[in-house]
Amino acid sequence: MTQASRRNFLKTSAIGAAALAGTQALAQGQAPSKKMVAEVRALEAREIQATTSNWGDGLAHPIPYKNPPGVGKDRAIVLGGGSEYMSSFLVGYFHAMLTNGINLRLADIVVGTSAGAVLGSALLGSRLDLFSAEFNLLADYPKVMAKLVPTKKFTPSQERVMKMGLTAKDGSPATIQAIGHAAMAAKSIPSEKFQANIKVFLGDMKTIPPKMYITTIDCYTAERLVIAPDSGVSVIDACAASASAPGVTGPTWVKDRVCMDGSIGSTETHCDIVAGSRRALVIALADTIEQEKEGLRLNHLPNTILQEVKDLEARGTKTKLVVVGMLPGRKTMSVVDPGIMEPAIKYGYERGMQDLPEMKRFWA
């Protein structure tokens with residue numbers, strides 16, 4: 001028996017043995033144990049992931065990233081997700097930096113997830129200058145963003161997949177696949193409409209800006225995908241995939257994969273991509289699972305940002321972590337509420353102004 005045949009035999013045997021044990025338990029009036037069910041699901045999840053192992057599309061990268069593109073780079077930026085709230089905060093924060101001598105475009109690598117993918121691309125593509133120079137940030141930006149993700153009413157299938165994210169207890173492939181499969185079955189905002197709305201924000205940008213890396217998750221396999229500037233994927237497709245929140249928008253096709261929000265996994269920020277860089281500015285929405293109860297998170301998957309920062313620093317990357325947290329004066333809120341955008345822009349600008357002295361030392 002060859003090694004491959006032996007491996008397949010062992011996998012099949014394991015699933016068969018678990019199934020047999022489950023059948024015997026049912027015959028005796030007993031339900032299969034939670035451990036047994038989890039083991040079978042884990043094996044099946046690995047089998048699904050194996051189906052794309054020979055695709056060679058260059059998109060799938062396990063966590064942590066092997067030979068990360070951040071190695072040897074000087075400045076890095078990592079931008080997490082957070083829907084309208086995070087997007088608006090970043091607009092204000094970037095505005096404070098860019099208008100006060102902090103050129104964030106000097107970054108050698110930028111990693112963006114969901115809202116961070118859109119705003120990172122806008123930053124590197126100079127689209128934020130348009131809002132700063134020709135638009136009133138507080139009057140016009142919210143109007144544009146409100147068109148991106150209509151979130152007033154949800155269908156039962158949308159509510160089902162969103163509930164799965166909130167009740168998830170781990171970031172295992174089986175859990176992520178279950179959410180991804182439900183996302184594919186949800187009657188959400190069509191990806192074509194979502195992409196058209198993103199074009200309103202990103203304008204005539206077609207390609208992913210140099211230095212920009214966008215993350216998303218394969219709905220079927222639960223693999224983490226990293227879309228690089230040379231991937232051949234358009235910036236609109238990449239950003240739409242990264243921001244396709246399960247049950248809200250999408251999913252979105254990227255090459256031959258159907259994808260969902262890059263924060264649906266064991267990491268929301270994907271800091272491992274910039275491992276090995278000299279310094280990194282990391283902006284994340286929240287740093288504890290408990291903040292989900294306050295409305296700061298759309299899922300209950302493990303939030304590893306504090307550990308990710310420790311891992312970065314262990315590899316020699318000096319890191320400045322900005323945790324957005326709750327809007328001042330609020331105890332609860334929804335990150336997808338369009339009404340939160342104007343105060344979030346102001347809050348982001350104020351935080352940016354507070355950070356200026358430290359950022360001038362850190363970024364120079």
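The values are calculated or read from the model by the stated rules, or taken from the named source; none is laboratory data. Here the structure is a predicted model, which means the values were calculated and not measured. Positions of Cβ are backbone-derived with ideal geometry, glycine not excepted, and every protein chain shown enters the neighbour counts. We work out accessible area using only protein heavy atoms, side chains counted, and drop any ligands, DNA or RNA first. Shrake-Rupley method; radii C 1.70, N 1.55, O 1.52, S 1.80 Å.
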Pair ASP256, SER157: separation of 7 Å Cα→Cβ label points (nm): 2.5 nm
At 0.36 nm per residue, and after removing the present C-alpha to C-alpha distance, how many nm does the segment from ALA364 to LYS34 gain when stretched out fully? 113.5 nm
Could you tell me the calculated FRET efficiency between GLU44 and LYS187, based on Cβ-Cβ distance and R0 = 30 angstrom, to the nearest 0.05? 0.70
Segment 157-227 accessible area per residue, 1.4 Å probe, protein heavy atoms, integer Å², reads 43 Å²
Nearest-0.05 FRET efficiency for TRP55 and ASP170 at R0 = 30 Å, using Cβ-Cβ distance, is 0.70
In segment 249-285, whose amide N lies under 13 Å from the spot 7 Å out along Cα-to-Cβ of VAL71? List them in ranges. 273-277
On the formula 1/(1 + (r/R0)^6), with r taken between the Cβ atoms of GLU313 and ASP230 and R0 of 30 Å, the FRET efficiency rounded to 0.05 is 0.55
